[in-house]
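Visitor: Quick one: this structure, given as structure tokens, is what I'll be asking you about.
The values are calculated or read from the model by the stated rules, or taken from the named source; none is laboratory data. Only a predicted model underlies this, so the values are computations on that prediction, with no experimental measurement involved. All Cβ positions, glycine included, derive from the backbone under ideal geometry; neighbour counts span all protein chains shown. The area values use the complete protein model at the heavy-atom level, side chains included, leaving out ligands, DNA and RNA. Shrake-Rupley method; radii C 1.70, N 1.55, O 1.52, S 1.80 Å.
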There are 2 protein chains.
Amino acid sequence: MALIVKKFGGSSVATPEKIIAVARRVLKEKNSDDQIVVVVSAMGDTTDDLISLAKAITDQTTGREMDMLLATGEQVSIALLAMAFAKLGHEAVSMTGFQAGFTTNEMFNKAKITGIAADRVRQELNAGKIVVVAGFQGLTKNGDITTLGRGGSDTTAVAVAAGLKADHCEIYTDVDGIYSSDPRVVPTARRMKEITYNEMLEMARLGAGVMHPRSVELGMHYDMPIHVRSTFTQEPGTFIREEYTMEEKEFVIRGVTHDTNVAKIAVLGVADQPGIAYKIFSTLAEANVDVDMIVQSVRAMDKHIIDMVFTIAQGDAPQAKKLLERLKTEMEFSGLMIDENVAKVSVVGAGMLGNPGIAATTFGALADAGINIEVISTSEISISCLIELDRVKEAVNAIHARFFPD
Amino acid sequence: MALIVKKFGGSSVATPEKIIAVARRVLKEKNSDDQIVVVVSAMGDTTDDLISLAKAITDQTTGREMDMLLATGEQVSIALLAMAFAKLGHEAVSMTGFQAGFTTNEMFNKAKITGIAADRVRQELNAGKIVVVAGFQGLTKNGDITTLGRGGSDTTAVAVAAGLKADHCEIYTDVDGIYSSDPRVVPTARRMKEITYNEMLEMARLGAGVMHPRSVELGMHYDMPIHVRSTFTQEPGTFIREEYTMEEKEFVIRGVTHDTNVAKIAVLGVADQPGIAYKIFSTLAEANVDVDMIVQSVRAMDKHIIDMVFTIAQGDAPQAKKLLERLKTEMEFSGLMIDENVAKVSVVGAGMLGNPGIAATTFGALADAGINIEVISTSEISISCLIELDRVKEAVNAIHARFFPD
């Protein structure tokens, strides 16, 4: 007997026909004594439709009432999916976030789960029913309905799996696993059988879009294996877990990612005094501008003048520009350059710690392709290079070919 | 200061524009220190749309999952209405059935309210907020979402008014009050300023469609005055309450109603023995066929043979026919006639007790119009006549003209 939590996203349940297909698939893959919890998102465009309704009333589409509104989306899909199971001959029961025991804090629209009391879910499972749980929602201790924000339904699935001590949590999505690179960019990208939580988090941070970091962090915290699979195929998918169990250990890196939502900012000719970096980055932090790669360089001709180069998300660029221009009244610098014509390519892998050849291989691949590296940054399990935007596809393929030969 | 519960139906909140109009009206009529609870139904056709979704999955559109599905309709409208109040500058908070403290029994799709804990509603009112409550829904003691079935939202409104000991409960609808007869049939029908619970119940039972009896019964039980008003006009409407307070006492009857959903059944030539009536009507009762007017007549020629005539709803006619034909094996009768070409016209009024002139006036009006009366039945506060279907409009107008002269 296995206890498995399966999560299907909005595109998997976009129509009544697709809902029936999901129910059919779950029943087909279920062994007779398995206990199954299915977590679903709202159908297709439902959430967007609800947001449009709210916008027809007010500009103020945040706060408590927005969650009251949006939570109905998942409530519709759980009811319909439970009906589909019944239609196919298997007892099922749907549960909203609060019925499934999810309590959250009071941060409406992006609430954090503070607890899960899975008694009712367990009781229904023990009664032989498939339990269908609404993703993305919970209840505050005051009894207000909340939604979990981005990545919410995946997080619901991993949380309920952790609460039930499930064997694992399956996330069904429109791709069939985690790839060594984005297959739309790198046709030879390999699907991984396994990847560690840490690697997955680093890949997500560096541009891989399949999994939201939040659910991976939760999986890591509770050591709950996450199995990423395709809704539309029977491929084996990828397990995200604490450590490798299989032969793929042989690859020192797990993936080559890229991120084009990057702007490079250069604050030029700053007098090198203590507190300069603090002033620049605290100003940005106060305005919630997230800074990524940072390089401070000293000019050969004048050791008291430095250039400060860093990257931010492109959407933050106009605000950063305004904030830095205002700083000019408080500190001296000779120029400010903002360049959106850049992209970041990264290699990720737990195996690179203590393996200096990886950086060399990466830089070598870019050099051989004639691609200039503007900024380099490293973490324990990744190396990132800022390059010219137009060459990002070439760069990712060049690096990928070195680490994953055919 | 007054505490008022206002209920708006689905057609009043069918679009974002109408929702804003409802909010605007509530604020306009609100004195600065009034406390206001607004109960709303699902927007326009939402419930039908949800039922269609369910039907695309299964034929089994009853039970727990159906309530899970349907309850989302009101949850959408409460959120949007609360947003509309906020947009217009007044603090508001929406509450689902369970948040507003409604507990029900476990009769999914037609649950009965078993309790209301209005603490949270009261607390929000005391904090100066308008509270927007979802009609039509509650929660069982096991934590399952239920809906209340027909007349549910009106019932929610009266129940929350009773729970809060509100001053009165206003039901906004698409007509501007209770009329002495259906204005589509009787152009000279008068709008009543007041009517008693008992009269309203009797009128509803006898065909008046404005108010579902359930909410009126609840109002009567808790002595909660119900004010029926139009969403679309400023007319004063009608108060349903225990006793008259105003001049309209002078009318001995309150209304002339009609019901065309009637079939007449005649069981002819039955041997007059003890237990015959019991056998006929218990057979029908076991199959949930509701019997209304009953007349037993003895034949002048043979005092041991009777005819039994009664009425039922037209939808029950085929089943009644089958049941009665089967009875022929157990008891003797010479014939069975079913006539759907009939209608019932009734006069209702608490004032008719001890006023024999009313029956005479009613029969006289029909006689003068040349309309034959097939069956007569009376209650404490009503007289009903079964007549030919084609003449119902004529009959209602003739009777109405006698009791409500211009």
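Visitor: Give the number of residues within region A:29-73 that are part of a helix (DSSP H, G or I) and crowded, with 24+ Cβ neighbours inside 10 Å.
Guide: Qualifying residue count, region A:29-73: 8.
Visitor: Given the criteria of a type in the set (Ser, Thr, Tyr) and open to solvent by 70 Å² or more (accessible area, probe 1.4 Å), does residue A:278 qualify?
Guide: yes
Visitor: Next question, about the same structure. Which of the residues belonging to region B:258-316 are under 30 Å from residue B:398 (Cα atoms) and among the basic types (Lys, Arg)?
Guide: Selection gives B:264 alone.
Visitor: Within region A:256-292, which residues are over 29 Å from the mean Cα position of the chain (by Cα) and either closer than 30 Å to residue A:365 by Cβ or in a strand (DSSP E or B) (or both)?
Guide: A:267, A:268, A:269, A:270, A:271, listed by residue number.
Visitor: For region A:163-184, how many residues are closer than 30 Å to residue A:311 by Cα and surrounded by fewer than 19 Cβ atoms within 10 Å (Cβ to Cβ)?
Guide: Looking only at that region, the number is 2.
Visitor: Taking region B:357-385 as the region of interest, how many residues are assigned to a loop (DSSP other than H, G, I, E, B) and under 28 Å from the mean Cα position of the chain (by Cα)?
Guide: 4
Visitor: If I go through region B:98-112 residue by residue, how many of them are part of a strand (DSSP E or B) and at pLDDT below 95?
Guide: Selection size over region B:98-112: 0.
Visitor: Among (1) touching a helix residue (DSSP H, G or I) at 6+ places or on another chain (Cβ under 8 Å); (2) in contact (Cβ under 8 Å) with a residue 60 or more places away in the chain; (3) facing chain B (nearest Cβ under 10 Å), where does residue A:65 come up short?
Guide: Of the numbered conditions (1) touching a helix residue (DSSP H, G or I) at 6+ places or on another chain (Cβ under 8 Å); (2) in contact (Cβ under 8 Å) with a residue 60 or more places away in the chain; (3) facing chain B (nearest Cβ under 10 Å), the odd one out for residue A:65 is (2).
Visitor: Only residues that are out of contact with any Lys or Arg (no Cβ under 9 Å at 6 or more places or on another chain) and either open to solvent by 40 Å² or more (accessible area, probe 1.4 Å) or not small (Gly, Ala, Ser) (or both): list them for region B:204-219, please.
Guide: Within region B:204-219, B:205, B:209, B:210, B:211, B:216, B:217, B:218 meet the criteria.
Visitor: Is there any pair linking a residue in region B:279-307 that is on the phi < 0 side of the Ramachandran plot to one that is open to solvent by less than 60 Å² (accessible area, probe 1.4 Å) and charged (D, E, K, R), with Cβ under 8 Å and at least six apart or on different chains, and which?
Guide: B:289/B:316; B:290/B:316; B:292/B:344; B:293/B:344; B:296/B:307; B:297/B:307; B:299/B:307
Visitor: To continue, here is another question. Please count how many residues of region A:98-122 are within 12 Å of chain B (Cβ to nearest Cβ) and either small (Gly, Ala, Ser) or open to solvent by less than 20 Å² (accessible area, probe 1.4 Å) (or both).
Guide: Number satisfying all stated conditions: 5.
Visitor: Could you identify the single residue in B:302, B:368, B:316, B:292 that is over 23 Å from residue B:271 (Cβ atoms) and either touching a Pro at 6+ places or on another chain (Cβ under 6 Å) or loosely packed, with under 14 Cβ neighbours inside 10 Å (or both)?
Guide: Criteria check complete, one pass: B:368.
Visitor: Which residues, counting only those in region B:59-94, are closer than 19 Å to residue B:157 by Cα and of a type in the set (S, T, N, Q)?
Guide: Listed by number, the residues that qualify are B:72, B:75, B:77, B:94.
Visitor: Of all residues in region B:6-28, which are more than 14 Å from every other protein chain (Cβ to nearest Cβ) and either modelled with pLDDT of 95 or more or open to solvent by less than 50 Å² (accessible area, probe 1.4 Å) (or both)?
Guide: Correct list: B:6, B:7, B:8, B:9, B:10, B:12, B:25, B:26, B:27, B:28.
Visitor: Can you go through A:70, A:88, A:80 and tell me which one is under 25 Å from the mean Cα position of the chain (by Cα) and touching a residue at least 60 places away in the same chain (Cβ under 8 Å)?
Guide: A:70
Visitor: Tell me, please, whether a residue that is surrounded by fewer than 13 Cβ atoms within 10 Å (Cβ to Cβ) and in contact with a Leu (Cβ under 9 Å, 6 or more places away or on another chain) can be found in region A:352-365.
Guide: There is no residue in region A:352-365 that is surrounded by fewer than 13 Cβ atoms within 10 Å (Cβ to Cβ) and in contact with a Leu (Cβ under 9 Å, 6 or more places away or on another chain).
Visitor: Being out of contact with any helix residue (DSSP H, G or I) (no Cβ under 9 Å at 6 or more places or on another chain), within 30 Å of residue B:350 (Cβ to Cβ) and not small (Gly, Ala, Ser) is the filter here; which residues of region B:260-287 pass it?
Guide: If the condition is that a residue be out of contact with any helix residue (DSSP H, G or I) (no Cβ under 9 Å at 6 or more places or on another chain), within 30 Å of residue B:350 (Cβ to Cβ) and not small (Gly, Ala, Ser), then B:264, B:281 are the ones that fit.
Visitor: Turning to a different aspect of this structure: Scanning for something in contact (Cβ under 8 Å) with a residue 12 or more places away in the chain, closer than 24 Å to residue B:50 by Cα and touching a strand residue (DSSP E or B) at 6+ places or on another chain (Cβ under 8 Å), does region B:120-133 turn up at least one residue?
Guide: Checked region B:120-133: at least one residue is in contact (Cβ under 8 Å) with a residue 12 or more places away in the chain, closer than 24 Å to residue B:50 by Cα and touching a strand residue (DSSP E or B) at 6+ places or on another chain (Cβ under 8 Å).
Visitor: Please verify whether residue A:157 is over 20 Å from the mean Cα position of the chain (by Cα), of a type in the set (Gly, Ala, Ser) and away from every other protein chain (no Cβ under 13 Å), treating the condition exactly as stated.
Guide: Here the answer is no, as residue A:157 does not meet what is asked.
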